[in-house]
Amino acid sequence: MLSSAEKTHEYADAAQMSAVLTKAVARAASHLGLPRNLLARVLGVSPATVTRLYAGDYQLDPGRKEWEFGLLLVRLFRALDALVADEPSARAWLASENRGLQARPIDLIDQTEGLVRVVHYLDASRAAV
């Protein structure tokens, strides 16, 4: 059983992780030029929640699916950044038709399967480099 001091430390660690991921998601979305309504669909939250997220009044919850979707979005951003290394190229890649994905990546990422497909595609592309 955890002591109250250990529980307090555990809660502080969870809060810090939430703050870090929330900030990383907001920055990744901004760098990729994702509109807030699209970010809401990617995370599976309301547009109002995304507004609160950007304002610093909401943090992603590790116990909810939004956490996993946030991790995937940050992973997508990091993989794409490693491949193209600048914002304009990353935004162009997202908006361009992709033969391997048979769609524009931006059109896929608001659905779970599409987000996972795009992340796997980028991971495979990075491995080939």
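Structural remarks
- Residue within region 97-114 that is buried (at least 16 other Cβ atoms within 10 Å of the Cβ) and within 23 Å of Asp13 (Cα to Cα) present: no
- Residue in region 60-74 that is touching a helix residue (DSSP H, G or I) at 6+ places or on another chain (Cβ under 6 Å), under 21 Å from Ser89 (Cβ atoms), assigned to a loop (DSSP other than H, G, I, E, B) and at pLDDT 95 or above present: no
- Of the listed requirements (1) farther than 27 Å from Ala127 by Cα; (2) over 15 Å from the mean Cα position of the chain (by Cα); (3) modelled with pLDDT of 95 or more, Ser89 misses just one: (1).
- Looking across region 41-59, the residues that are buried (at least 20 other Cβ atoms within 10 Å of the Cβ) and in a helix (DSSP H, G or I) come down to Val42, Leu43, Val50, Leu53.
- Residue in region 76-94 that is among the aromatic types (Phe, Trp, Tyr), more than 16 Å from Ala19 (Cα to Cα) and touching a helix residue (DSSP H, G or I) at 6+ places or on another chain (Cβ under 9 Å) present: yes
- Near pairs, Cβ below 6 angstrom, 6+ apart or cross-chain, from region 100-120 (closer than 14 Å to Ala79 by Cα) to any residue that is among the basic types (Lys, Arg) and modelled with pLDDT of 95 or more: Val119/Arg75
- Options Ala19, Ala29, Ala24; residue that is surrounded by fewer than 16 Cβ atoms within 10 Å (Cβ to Cβ) and assigned to a helix (DSSP H, G or I): Ala19
- The number of residues in region 94-111 that are under 22 Å from Ala40 (Cβ atoms) and not in a loop (DSSP other than H, G, I, E, B) comes to 7.
- Any hit, region 75-85, residues being surrounded by fewer than 14 Cβ atoms within 10 Å (Cβ to Cβ) and in contact with a Pro (Cβ under 6 Å, 6 or more places away or on another chain): no
- Candidates in region 1-51 are the residues that are at pLDDT 85 or above and of a type in the set (S, T, N, Q); of these, the one that is nearest to the chain's Cα centre (by Cα) is Thr22.
The values are calculated or read from the model by the stated rules, or taken from the named source; none is laboratory data. Nothing here was measured: the structure is a model prediction, and the numbers come from that model. Glycine also receives a Cβ, built like all others from the backbone with ideal geometry; neighbour counts cover every protein chain displayed.
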